[in-house]
Amino acid sequence: MMSCSLQGKVSSSRHRSAAVVASKTEMLADNYDERDILRPLVFRLHENVPAIVREVLLERGWTEFDKKEQDDADWNLYWRNSPFRMADHHSIKPWQRLNHYPEAVRITRKDYLARYLKRMKGAYGSALYEFSPVAFIMPNDYIKFAAEYSKERQSVGRRPSYWICKPVDLSRGRGIVIFQDIKDLVYDCTVIVQKYISNPLLISGYKMDLRLYVCVTSFCPLTIYTYEEGLVRFATEKFDLSSLDNVYAHLTNTSINKYGASYKKYKEGIGCGCKWTFSKFRSYLRILGIDDMLLWQKINNIVILTLLAVTPLPVASNCFELFGFDILIDSKFKPWLLEVNYNPALCLDCSTDDTVKRKLLHDIIELLNYKQVDTFRQNQVAGIKPSRREVLWNSADGSASKESLGLLTRQKVAKCPSAASVQPALQAAKGSIRKVATLTKKTASAHPRKTLTSQMRERMNMPTIPSQAKAEDKNKQIPGARHSPHKSAQLIRCLPTPDFCNYELTTHPYFLSDKDQRPIPRVGDLVLIFPFSETALQASRYGTDIKSIIKEMKKLVSKQLRSKQQKKKKMMGCLTSV
């Protein structure tokens, strides 16, 4: 009898506990609707972000972040034109992405880029790095430039070179001067002087260059995608070395040429405006019998070698960088790197812009590889409160509250008529949460607790190169003609070291495929160009072994040259047989 009585009390207690849980779950479910479980992704835009970014994200069904209505961490993508603070990178959540990589802006200053490339030439030989003309940074290199200028002038039978002078931190063709006589070299800020490529490839007499879009999803391991479509930018007046001050004949920047008298006119062989797509350019090359595949292989090599020059950068997770590489092709079909652009222009000046840039942004969002789990963006709440949402991510270790998720989904399945259609997505989301939770727990346990000493050590290891904004302010305060020769030298000495890659990321890299945990080979028109082999992958997986990668690059270039020679022999054989 006592046993039966005890069993009855236990049973009654269980029923009461189940009733309490059911009551709380029902209360929780009443505050949810279907949109709370599978909510749309949220984007956050900083001021002055091009309108097309918002348009594309809205087209994809995203919603815009509302600071008044949503919590600070309740977004999936934050897009801005200027660099983020390191604090933003350190506080990133597993479901979030940032559109800038820490310190990536350094490669887009012309003087920094010139120094990085010069360093690579000295360390690994100039043969691979002949794609960039020798640069002189003024005023520090004025004596070196004057010596080179005089040497060429005194050479018998050699035509004097043309030179181009560019401010180091300006874009859109501002402040550029082309000259032949050193007397015409005038500057009032830090500038870079290079040999002007006076034999550019001309189409119907018009100069052109390529705007290539490059997306880097990680610098450690280095992971590079190039966009197969892009923009061919034309000058709007015919190339003429006798009028070096005619910007419409020598500069291809749309920001300049759209104000030219010939911009809207029909130009023979070019058409109206000043842009083609890469597709149209490839068709043009094939008509001429040019091997466009080999040309693009050379351009991809330029991209890889340029980005190797700036690696490694500070380790960061869940961010990416979109660069605009400007490539000039000369009359011998050799590609030259002109510069690398930070925040390449995404404004729409013509229908060609819309065709290229809209699809580019769609493909980038696809590359960011958002999962169902990324729609669960919650803040930690103590207990169950009817007026607040249940927490799905724990702020301490990033793990998911699986029990509450299970109760919630079961309750919703019972109440919603359309639950059958939502259930597969919920199961996928639960699986993703488990994977992320397991990974994050492992990562958290692998690292010691942050201490004041360790934080100070990390801060000391951070690079001290100023951001673009600080650099611009400094240049405004110190005119180039009176620029201290030690300032720029200090900047280049503050190079990142491999120590940045000695610890694991706190979140799972989003750009890896679920199948084999390797970089996704292709998304739309974005094609993976690095790593290009298993050896290159291993050389960049745990830090960047530049020496091994350069060795692989040399093998790749040799293979491409052999392929070119074989094609030539085959073509000559066909001609002789005819």
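Would you be able to tell me the number of residues in the range 194-213 that are charged (D, E, K, R) and either farther than 24 Å from Asn343 by Cβ or assigned to a loop (DSSP other than H, G, I, E, B) (or both)?
2
Residue-wise test of (1) in the same structural domain as Leu128 (by TED's automatic domain parsing); (2) of a type outside the set (D, E, K, R); (3) within 22 Å of the chain's Cα centre (by Cα).
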site	(1), (2), (3)
Asp525	yes, no, yes
Ser540	yes, yes, yes
Gly543	yes, yes, yes
Lys554	yes, no, no
Lys559	yes, no, no
Ser563	yes, yes, no
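For the range 80-97, give me each residue that is of a type in the set (A, V, I, L, M) and assigned to a helix (DSSP H, G or I).
If the condition is that a residue be of a type in the set (A, V, I, L, M) and assigned to a helix (DSSP H, G or I), then Met86, Ala87 are the ones that fit.
Yes/no per residue for (1) of a type in the set (A, V, I, L, M); (2) not in a strand (DSSP E or B):
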residue: Cys215; (1), (2): no, no
residue: Thr226; (1), (2): no, no
residue: Val232; (1), (2): yes, no
residue: Glu237; (1), (2): no, yes
residue: Asp240; (1), (2): no, yes
residue: Asp245; (1), (2): no, yes
residue: Tyr248; (1), (2): no, yes
residue: Ile256; (1), (2): yes, yes
residue: Gly260; (1), (2): no, yes
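If a residue must be in a loop (DSSP other than H, G, I, E, B) and more than 23 Å from Tyr129 (Cα to Cα), how many such residues does the range 280-332 contain?
Here the count works out to 9.
Okay, residues lined up against (1) at pLDDT below 85; (2) of a type in the set (Gly, Ala, Ser); (3) crowded, with 19+ Cβ neighbours inside 10 Å; (4) out of contact with any helix residue (DSSP H, G or I) (no Cβ under 8 Å at 6 or more places or on another chain):
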| position | (1), (2), (3), (4) |
| --- | --- |
| Ser11 | yes, yes, no, yes |
| Val20 | yes, no, no, yes |
| Arg44 | no, no, yes, yes |
| Ile52 | no, no, no, no |
| Val56 | no, no, yes, no |
| Asn76 | no, no, yes, no |
| Ser91 | no, yes, no, yes |
| Tyr101 | no, no, yes, yes |
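Any residue at all in the range 330-338 that is within 30 Å of Ser91 (Cα to Cα), of a type outside the set (Val, Ile, Thr) and at pLDDT 95 or above?
Within the range 330-338 (the criterion being within 30 Å of Ser91 (Cα to Cα), of a type outside the set (Val, Ile, Thr) and at pLDDT 95 or above), the answer is no, since none of the residues qualifies.
All but one of (1) surrounded by 17 or more Cβ atoms within 10 Å (Cβ to Cβ); (2) touching a residue at least 24 places away in the same chain (Cβ under 8 Å); (3) not in a strand (DSSP E or B) hold for Lys118; which doesn't?
(2)
If a residue counts only when it is touching a residue at least 24 places away in the same chain (Cβ under 8 Å), which strands (runs of 3 or more DSSP E) contained entirely in the range 129-193 have at least 3 such residues?
The qualifying strands (runs of 3 or more DSSP E) are 135-138, 163-167.
Could you list, ordered by first residue, the pairs with Cβ atoms under 7 Å in which the first is in the range 331-353 and in the same structural domain as Val557 (by TED's automatic domain parsing) and the second is assigned to a loop (DSSP other than H, G, I, E, B) and of a type in the set (Lys, Arg), at least 6 apart or interchain?
Note: pairs meeting the criteria are Asp349/Lys258.
Considering (1) out of contact with any Lys or Arg (no Cβ under 6 Å at 6 or more places or on another chain); (2) buried (at least 19 other Cβ atoms within 10 Å of the Cβ), say which one Ser331 fails and leave the rest.
Status for Ser331: all satisfied but (2).
Those residues that are among the hydroxyl-bearing types (Ser, Thr, Tyr) and part of a loop (DSSP other than H, G, I, E, B), I need them from the range 263-279; list them, please.
Tyr263, Tyr266
Going by what's in this entry, would Asp181 be described as within 19 Å of Thr254 (Cα to Cα) and of a type in the set (D, E, K, R)? First the steps, then the outcome.
On the way: within 19 Å of Thr254 (Cα to Cα): no; of a type in the set (D, E, K, R): yes.
No, not satisfied.
Just checking, how many residues over the range 162-176 are modelled with pLDDT of 90 or more and either touching a helix residue (DSSP H, G or I) at 6+ places or on another chain (Cβ under 7 Å) or exposed (fewer than 15 other Cβ atoms within 10 Å of the Cβ) (or both)?
1
Kindly indicate whether Lys144 is surrounded by fewer than 20 Cβ atoms within 10 Å (Cβ to Cβ) and either among the aliphatic types (A, V, I, L, M) or under 25 Å from the mean Cα position of the chain (by Cα) (or both).
Against the criterion (surrounded by fewer than 20 Cβ atoms within 10 Å (Cβ to Cβ) and either among the aliphatic types (A, V, I, L, M) or under 25 Å from the mean Cα position of the chain (by Cα) (or both)), Lys144 does not qualify.
Being under 28 Å from the mean Cα position of the chain (by Cα) and of a type in the set (Ser, Thr, Tyr) is the requirement here; does Ser198 meet it? If you could, list the steps in order and put the result at the bottom.
Working: under 28 Å from the mean Cα position of the chain (by Cα): no; of a type in the set (Ser, Thr, Tyr): yes.
Considered against the rule, which asks whether it is under 28 Å from the mean Cα position of the chain (by Cα) and of a type in the set (Ser, Thr, Tyr), Ser198 comes out as no.
If you check His100 against the conditions, is it in contact (Cβ under 8 Å) with a residue 60 or more places away in the chain, farther than 20 Å from Thr375 by Cβ, assigned to a loop (DSSP other than H, G, I, E, B) and of a type outside the set (A, V, I, L, M)?
yes
Contact list please: Cβ distance under 6 Å, first residue in the range 47-66 and over 15 Å from Asn99 (Cβ atoms), second residue surrounded by fewer than 18 Cβ atoms within 10 Å (Cβ to Cβ), pairs at least six apart or on different chains.
What qualifies is Gly61/Pro40; Thr63/Pro40.
Kindly provide the set of residues from the range 58-74 that are assigned to a loop (DSSP other than H, G, I, E, B), closer than 19 Å to Asn48 by Cα and either among the aromatic types (Phe, Trp, Tyr) or within 22 Å of the chain's Cα centre (by Cα) (or both), ordered by number.
Phe65
The values are calculated or read from the model by the stated rules, or taken from the named source; none is laboratory data. Computed from a prediction, not measured in an experiment: that's the story for all the values here. All Cβ positions, even for glycine, are placed from backbone atoms using ideal geometry, and neighbour counts span all protein chains on display.
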